[in-house]
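To keep things clear, I will list the structure first and then write my remarks on it.
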Amino acid sequence: FPIAGVEEEGAGGGGPSLAELLASADIAKGEQSFAKCISCHTINQGGASGIGPNLFGVVGLPIATHEPGFAYSDALAGHGGNWTFENLDEWLLSPRGFANGTKMSFAGLSNPEERANVIAYMNSMGSNLPLPEVQVAEPEAAEGGEAVAEAVADPAAAAGAVSAAEPVAENPGT
């Protein structure tokens, strides 16, 4: 049973952030993965809509409005917001989870690296928005935490390091 206030294993912080995944994304691999999408979508500039809308330049645009005249599902049209990197990640993970009642029958991409590759590829196709900045985590240990870890690992070396950090008094007798 779940314990209140405790995250499930793998939830939150269990892997790289979306920003980290996008920073290391491979556009060529994203294009290869996008092959799963071309049975319903085009992504070239001026491409015709098929079963799904043309996706050229969609990143950053309002959801369910970028292709005039396309019959979006009520679930997607009523979702609101823009096709941000985060929304695209959620959509590609599970279209029905993102917009329950969508007409899109694609099950989704479970691999976060594959989703990031596809998003990077889609962004390169007419949107070219700047990728989100990777947030560098602040060190959790206070200053000197490394010296404590070293002392546990090698007490003799740590003792030398600690005494070397202290000021050395010159011999007053000479």
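Observations on the model:
- Residue in the stretch 49-64 that is open to solvent by 50 Å² or more (accessible area, probe 1.4 Å), in contact (Cβ under 8 Å) with a residue 24 or more places away in the chain and more than 23 Å from Ala25 (Cβ to Cβ) present: no
- The conditions of being modelled with pLDDT of 95 or more, surrounded by 15 or more Cβ atoms within 10 Å (Cβ to Cβ) and either polar (S, T, N, Q) or within 30 Å of Lys29 (Cα to Cα) (or both) are met by Asn123.
- Scanning the stretch 56-74 for residues that are over 20 Å from the mean Cα position of the chain (by Cα) and in a loop (DSSP other than H, G, I, E, B) turns up Phe56, Ala64, Thr65, His66, Glu67, Pro68, Gly69, Phe70, Ala71, Tyr72, Ser73.
- Residue in the stretch 65-81 that is surrounded by the fewest Cβ atoms within 10 Å (Cβ to Cβ), counting only those that are touching a residue at least 24 places away in the same chain (Cβ under 8 Å) and hydrophobic (A, V, I, L, M, F, W, C): Ala75
- Picking from residues in the stretch 24-48 that are in a helix (DSSP H, G or I) and not hydrophobic (A, V, I, L, M, F, W, C), the one that is least open to solvent (accessible area, probe 1.4 Å) is Gly30.
- Positions within the stretch 82-100 being assigned to a loop (DSSP other than H, G, I, E, B) and open to solvent by 50 Å² or more (accessible area, probe 1.4 Å), in sequence order: Thr84, Asn100
- Glu150 vs. criteria modelled with pLDDT under 95, farther than 19 Å from Leu22 by Cβ, in a loop (DSSP other than H, G, I, E, B) and open to solvent by 70 Å² or more (accessible area, probe 1.4 Å): no
The values are calculated or read from the model by the stated rules, or taken from the named source; none is laboratory data. Everything quoted here is computed from the prediction, not taken from an experiment. All Cβ positions, glycine included, derive from the backbone under ideal geometry; neighbour counts span all protein chains shown. Quick note on the areas: whole protein, heavy atoms, side chains included, nothing else; ligands and nucleic acids left out. Shrake-Rupley method; radii C 1.70, N 1.55, O 1.52, S 1.80 Å.
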